[in-house]
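What follows is one structure encoded as structure tokens, with my remarks underneath.
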Amino acid sequence: MNRKLILCGAGANGKEYLYLLGREKIDYFVDRNVDLQKSGVENVPVKSYEELFCTPDCGDIIITVNEPVKSEIAKILDEHHLTYWRSIEEYFLSQNGARAMEKYHNIHEGESCFLVGSGPSLTVDDLEKLQAKHITVFAPNKIFKLFDQTRWRPDYYVVTDRRIMNFYQEDISNLQLEHRFFAYYRDKSLQNFYRTICKNDAHLFCMKDVSGTDDYYDFSTDPGEYIVEGRTVIYAMAQLAYYMGFKKMYLLGVDFSYADQTGYDKNGKDHFCKDYIEEGETVLITPREYALRAFESADHFAKQHGIEIFNATRGGCLEVFERVDMDEFLQGETK
């Protein structure tokens, strides 16, 4: 049975947390305001800190207030040896991030998988053939725009772009997919979305800004701690695949060739469907050299850690990885 939550701070932030988490999950607020202790907030009791400290085995505590009061409360809780989260972000990530991610560690040890992109060469036919062969597939972002054409579904669904999460909140929330992974951002417009998807066992991960040597980005070996951004969702999927134990990764639909050199051609020439970008949708234009560096970084890491990455994309301009013919792969005639 899940423990009830206790919110430290019954002000505006506390009310927002109450809404985001759901009233049914909240046991009570804790606040110094005597008037609130008498009246309660939104039909939820408000207790004093003295009452909290006298309650044995109280629920899980989340601090809702901002600095500098946050640090003052944290110090008091520490003095009473109580565990807590300093924010709703920490709570979401602890429940749906690192701890939940552990079950995926090496569950596919030694296996092969496909990392699917959104390029124009991607076809339903190839995806269905991979499904028929029971080959694990990671797919990103707006892959759901193909779902009305096929019964195929990805084994692992990954979204790193906050703009996509924001614009397609309803579409993504309604996806019936077993394994879903989302980058977590401190964006108020996404908090209700996170609450909704986490009720359905989605997994969250922290995104770390790209860093590393002058030549290569870092590559995370523990997505429960963080995933390196890399400027392309393929890089995030590769880090997840490595954590799961895959030894061979094949790229498909990663064309890396753009009609207008930005990757956001409005005529649908840069993606697998014409309506990939909808009217009013905000898009991030990533310079190709940043994504190229991510691919080179994945290749560098793979060679250092006994992993093989191949490019099975039909055509395209990505030449970082060794090419394999997709038809030959499907016929079992290639590595």
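Here is how the numbers come out for the structure above:
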{"item": "Subset of segment 56-76 (residues that are touching a strand residue (DSSP E or B) at 6+ places or on another chain (Cβ under 8 Å) and free of Cβ contacts under 8 Å to residues at least 60 places away in the same chain)", "result": "58, 59, 60, 61, 62, 63, 64, 65, 70, 74"}
{"item": "Residues that are touching a residue at least 12 places away in the same chain (Cβ under 8 Å), in contact with a Ser or Thr (Cβ under 9 Å, 6 or more places away or on another chain) and not in a strand (DSSP E or B), drawn from segment 302-335", "result": "305, 312, 313, 314, 315, 316, 317, 318, 324, 325, 326"}
{"item": "Filtered residues of segment 39-60 (kept if at pLDDT 95 or above and either surrounded by 18 or more Cβ atoms within 10 Å (Cβ to Cβ) or of a type in the set (Val, Ile, Thr) (or both))", "result": "41, 44, 46, 47"}
{"item": "Residue that is modelled with the lowest pLDDT [pool: residues in segment 276-298 that are in a helix (DSSP H, G or I) and surrounded by fewer than 19 Cβ atoms within 10 Å (Cβ to Cβ)]", "result": "288"}
{"item": "Meets criteria (aromatic (Phe, Trp, Tyr), surrounded by fewer than 16 Cβ atoms within 10 Å (Cβ to Cβ) and either in the same structural domain as residue 318 (by TED's automatic domain parsing) or in contact with an Asp or Glu (Cβ under 9 Å, 6 or more places away or on another chain) (or both)) for residue 91", "result": "no"}
{"item": "Identity of the residue in segment 10-33, out of contact with any Lys or Arg (no Cβ under 8 Å at 6 or more places or on another chain) and among the hydrophobic types (A, V, I, L, M, F, W, C), that ends up surrounded by the most Cβ atoms within 10 Å (Cβ to Cβ)", "result": "10"}
{"item": "Residue within segment 89-99 that is over 19 Å from the mean Cα position of the chain (by Cα) and either under 30 Å from residue 312 (Cα atoms) or not in a helix (DSSP H, G or I) (or both) present", "result": "no"}
{"item": "Residue in segment 105-121 that is assigned to a helix (DSSP H, G or I), modelled with pLDDT of 95 or more and either assigned by TED's automatic domain parsing to the domain that holds residue 251 or closer than 30 Å to residue 4 by Cβ (or both) present", "result": "no"}
{"item": "Conditions (1) buried (at least 18 other Cβ atoms within 10 Å of the Cβ); (2) modelled with pLDDT of 95 or more; (3) not hydroxyl-bearing (Ser, Thr, Tyr); (4) not in a loop (DSSP other than H, G, I, E, B): number failed by residue 147", "result": "(1)"}
{"item": "One residue from 36, 7 being surrounded by 13 or more Cβ atoms within 10 Å (Cβ to Cβ) and assigned to a helix (DSSP H, G or I)", "result": "36"}
{"item": "In segment 206-220, the residues that are in contact with a helix residue (DSSP H, G or I) (Cβ under 7 Å, 6 or more places away or on another chain) and not small (Gly, Ala, Ser)", "result": "206, 216, 217, 219"}
{"item": "Residues of segment 160-187 classified as out of contact with any Lys or Arg (no Cβ under 8 Å at 6 or more places or on another chain) and part of a strand (DSSP E or B), total", "result": "4"}
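The values are calculated or read from the model by the stated rules, or taken from the named source; none is laboratory data. Here the structure is a predicted model, which is why all the values come from computation and not from measurement. So basically every Cβ, Gly included, is an ideal-geometry build from the backbone, and we count neighbours across all protein chains shown.
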